[in-house]
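Written below as structure tokens is the structure these notes are about.
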Amino acid sequence: MGARSSRAPGLSLPDDAAADPAPRLRIEDVSVAFTVKGRERTVLAGVSAEIGRGEIVGVVGRSGTGKSTLLNVLGGVLRPGSGRVLLDGTPFDRPVERVITVFQDYGQALLPWRTVRRNVSLGIERRLGRAEIAERVSRALAMTHLEANADDLPWQLSGGMQQRVQIARALVMEPDVLLLDEPFGALDAMTRATLQDDLLKLQRETGFTVVFITHDVDEAVYVADRVLVLGGSPANVVREVVSGLPRERDRLDTRESPLFNAARRALADELWGDRP
Ligand SMILES: Nc1ncnc2c1ncn2[C@@H]1O[C@H](COP(=O)(O)OP(=O)(O)OP(=O)(O)O)[C@@H](O)[C@H]1O
């Protein structure tokens, strides 16, 4: 990949990520070009990366670099012009149940005429029996603290709760990989902080692999084990930063940690260092 890597000295990935070295997702030499008004523009050129089982990987980069494009390739909704993506060694180029994407526009993604419970059950209604649907929905609602709102309609909920419904809707599929495109970008700071901690807790409980896009460097370092920086035009992974923070993180202590600050600084330098 040719990316520079930053890792705090003497530290390694968390135990659970280090225990199984086989990558869950492998991105191999992925290139994507779009043609607009007859002109072709290459957005991603030869992107390669590996994402381990249970790893939480953040993706940052300036606006328009190609972060969502990369996530769409990972989600199987966009076929790359060349290269491929593999899940546990098997290439895929269409959406698969084990890899679920949560988008930022939660308000529009939820069906306004369906209750929270019936929004959450949407993805499994046609393929599972009643008892299993009910069980999985209850579990997903419990994990996202939405039990009390199961019979509400989406518009009766706050933005943070609506985003939790979206996450519950993904959890009900019991995915191996969760892809999140700026999941908390539109939320206020406190709700955002709560959902970041919820996501970390959910990952510990379920063990799924997470890839998320964010514009917020602090969020990238706080939530991720490793952050990939997309840069250049066409874009590639220009740097990866491993914070070395323990997986169980306390919000206040983490913010004062030298590991947090070193990783944050490395990302800020990469993103804005050459700006006048
Ligand atoms: N379907 C498409 N057709 C044509 N061009 C596209 C398409 N999707 C994305 N692009 C272009 O590809 C480039 C990368 O877009 P992308 O949305 O992946 O960037 P991003 O890094 O996610 O941006 P942002 O941070 O602003 O959300 C942009 O120039 C965008 O206009």
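The values are calculated or read from the model by the stated rules, or taken from the named source; none is laboratory data. Computed from a predicted model, the values in this text were never measured in an experiment. Reconstructed Cβ throughout: ideal geometry from the backbone, glycine too, with neighbour counts over all protein chains shown. These accessible areas exclude ligands, DNA and RNA; they are computed on the full protein's heavy atoms, side chains included. Shrake-Rupley method; radii C 1.70, N 1.55, O 1.52, S 1.80 Å.
Would you please name the residue that is farthest from the chain's Cα centre (by Cα), looking only at residues in the stretch 176-210 that are within 16 Å of the ligand (Cβ to nearest atom) and outside any strand (DSSP E or B)?
Ala186
Only one of Leu78, Leu122, Leu111, Leu86 is farther than 20 Å from Glu182 by Cα, in contact with a helix residue (DSSP H, G or I) (Cβ under 9 Å, 6 or more places away or on another chain) and surrounded by 14 or more Cβ atoms within 10 Å (Cβ to Cβ). Can you tell me which?
One residue alone meets the criteria, Leu122.
Regarding the stretch 183-195, can at least one residue be identified that is crowded, with 20+ Cβ neighbours inside 10 Å and among the small types (Gly, Ala, Ser)?
no
I need the strands (runs of 3 or more DSSP E) fully contained in the stretch 60-161, keeping only those with at least 1 residues that are within 16 Å of the ligand (Cβ to nearest atom), of a type outside the set (A, V, I, L, M) and in contact (Cβ under 8 Å) with a residue 40 or more places away in the chain.
Working: elements: 82-87, 90-92, 99-102.
Correct list: 82-87, 99-102.
Test Val242 against the criterion of being modelled with pLDDT of 90 or more, farther than 23 Å from Asn72 by Cβ and surrounded by fewer than 22 Cβ atoms within 10 Å (Cβ to Cβ), and give yes or no. Give the steps one after another, and end with the answer.
On the way: modelled with pLDDT of 90 or more: yes; farther than 23 Å from Asn72 by Cβ: yes; surrounded by fewer than 22 Cβ atoms within 10 Å (Cβ to Cβ): yes.
So Val242 fits the description; yes.
Is there a residue being under 21 Å from Gly159 (Cα atoms) and open to solvent by 40 Å² or more (accessible area, probe 1.4 Å) anywhere in the stretch 202-211?
No, because not a single residue in the stretch 202-211 is under 21 Å from Gly159 (Cα atoms) and open to solvent by 40 Å² or more (accessible area, probe 1.4 Å).
Residues in the stretch 164-173: is at least one surrounded by 16 or more Cβ atoms within 10 Å (Cβ to Cβ), of a type in the set (A, V, I, L, M) and within 16 Å of the ligand (Cβ to nearest atom)?
no
Applying the selection to the stretch 33-67, what residues are open to solvent by 50 Å² or more (accessible area, probe 1.4 Å) and of a type in the set (Gly, Ala, Ser)?
Result: Gly38, Ser63, Gly64.
Among (1) modelled with pLDDT under 95; (2) in contact with a Phe, Trp or Tyr (Cβ under 7 Å, 6 or more places away or on another chain); (3) not charged (D, E, K, R), where does Phe184 come up short?
It fails just one condition, (2).
Pairs needed: first member in the stretch 195-218, over 16 Å from Asp181 (Cβ atoms); second member anywhere, hydrophobic (A, V, I, L, M, F, W, C) and within 13 Å of the ligand (Cβ to nearest atom); C-beta distance under 8 Å; at least 6 residues apart or different chains.
Close Cβ pairs satisfying both conditions: Val217/Val60; Val217/Leu271.
Identify the single condition in (1) part of a helix (DSSP H, G or I); (2) modelled with pLDDT of 90 or more; (3) open to solvent by less than 40 Å² (accessible area, probe 1.4 Å) that Leu230 does not satisfy, given that it satisfies every other one.
Every listed condition holds for Leu230 apart from (1).
Phe103 passes all but one of (1) open to solvent by 70 Å² or more (accessible area, probe 1.4 Å); (2) closer than 19 Å to Val227 by Cβ; (3) touching a helix residue (DSSP H, G or I) at 6+ places or on another chain (Cβ under 8 Å); which number fails?
For Phe103, the failing item is (2).
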